[in-house]
1. For segment 55-76, enumerate the residues that are touching a Pro at 6+ places or on another chain (Cβ under 8 Å) and either modelled with pLDDT under 95 or at positive phi (or both).
2. Counting just the residues of segment 198-216 that are touching a helix residue (DSSP H, G or I) at 6+ places or on another chain (Cβ under 7 Å) and more than 18 Å from Gly258 (Cβ to Cβ), which one comes out modelled with the lowest pLDDT?
3. In this structure, is Leu49 surrounded by fewer than 22 Cβ atoms within 10 Å (Cβ to Cβ) and either closer than 14 Å to Gly298 by Cβ or touching a residue at least 12 places away in the same chain (Cβ under 8 Å) (or both)?
4. Name the residues in segment 11-20 that are closer than 21 Å to Gly45 by Cβ and not in a helix (DSSP H, G or I), would you?
5. Considering only residues that are assigned to a helix (DSSP H, G or I) and among the charged types (D, E, K, R), look in segment 219-235 and name the one that is farthest from Val263 (Cα to Cα).
6. From Ala86, Ala98, which residue is touching a residue at least 12 places away in the same chain (Cβ under 8 Å) and farther than 24 Å from Met154 by Cα?
7. Looking at segment 209-239, which of the residues that are in contact (Cβ under 8 Å) with a residue 60 or more places away in the chain and in contact with a Ser or Thr (Cβ under 7 Å, 6 or more places away or on another chain) is farthest from Ile112 (Cα to Cα)?
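The values are calculated or read from the model by the stated rules, or taken from the named source; none is laboratory data. Source: prediction; values computed, not measured. Using ideal geometry, Cβ is built from the backbone for each residue, glycine included, and neighbour counts are taken over all protein chains shown.
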Amino acid sequence: MKPSIFISGLVPPKTYEMLAKQYDVTMYDKESLITKKGMLEGLAGKEALLCLLSNSVDKEIIERNPQLKIIANYGAGFNNIDMQTATALAIPVTNTPAVSTNATADLAMGLILAIARRIVEGDNTSRHGQFTGWAPLYHLGVDVTNKALGIIGMGHIGRAVAKRAKAFDMKIIYYSRTRLQPEIETELNATFMEFEDVIKSSDFLSLHASYSPALHHMLGSKELSSMKPSAFLINTARGAMIDEVALLKALKENRLAGAALDVYEFEPQITKGLEALKNVILCPHLGNATIETREAMGEIAANNIISVLSGKQAIHCVNREIYK
């Protein structure tokens, strides 16, 4: 009898085909997110779960499936999974690291340009017949050239953003738990500063830290108040790093020039009021949403499952202590 797998959301056909060649695969094939009830019903009796970053895999779901041999997350993050329970039950949890780097960095750079030059506003104006002709003071944005780009988190994605920003002659300042080696700082023309100083000095502040509960509301009222009134905030990391109520207040009071968000504190819900502001760009979590990247993510997730169901260790295990 073939091992069985539950896929809790639509994935690229190549991902499904990789697994269906060897295993009995059931996939939740609706565009809406699966409910907890649907997850419990679909996962019952299955030996592997391929879940989406937007699926909550909590203690009850894990404990009610003692036959589960692997939870393969379709995404680099894994804060949607109860890691404590999975680890206690020696269930490997895997992710899809690194492959999202370039796509997410491209989007972050695109949001920097879009918010600076008011591209979304301009598109909306043009579509609604409100463009009346070129004029010296019409629809002014700001330069990115020679402006200070503050990066919080200098992992793969943070460094990729810095590399792109360097081509725009931006001044790179950053804070990261681990400081870059001197030769990498030189290569990126990046200057290390303390967290508070990066916030105060940035013309554009872009978040790229890996989320942990300790970083919840990393940017709250105090931090937002210390930013330049002319500064823009960009978030392609995790929504919960920003206190969105405080952000909304700062934007309404003109204490920030604008924000471009791809992730949200209560995703998929967006804090009411943000959608009404013209100086805010709202993306539906598009960080790694390219055909090439999503297919590569699916291949990594599938290979993690294949490895475990073949009796081997998971390739990209994030709770590797279970193997000790």
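1. Once the filter is applied, which keeps residues that are touching a Pro at 6+ places or on another chain (Cβ under 8 Å) and either modelled with pLDDT under 95 or at positive phi (or both), segment 55-76 yields only Ala76.
2. Tyr211
3. No; evaluated as a whole, the condition is false for this residue.
4. Correct list: Val11 only.
5. Lys222
6. Answer to the selection: Ala86.
7. Out of the qualifying residues, it is Thr236.
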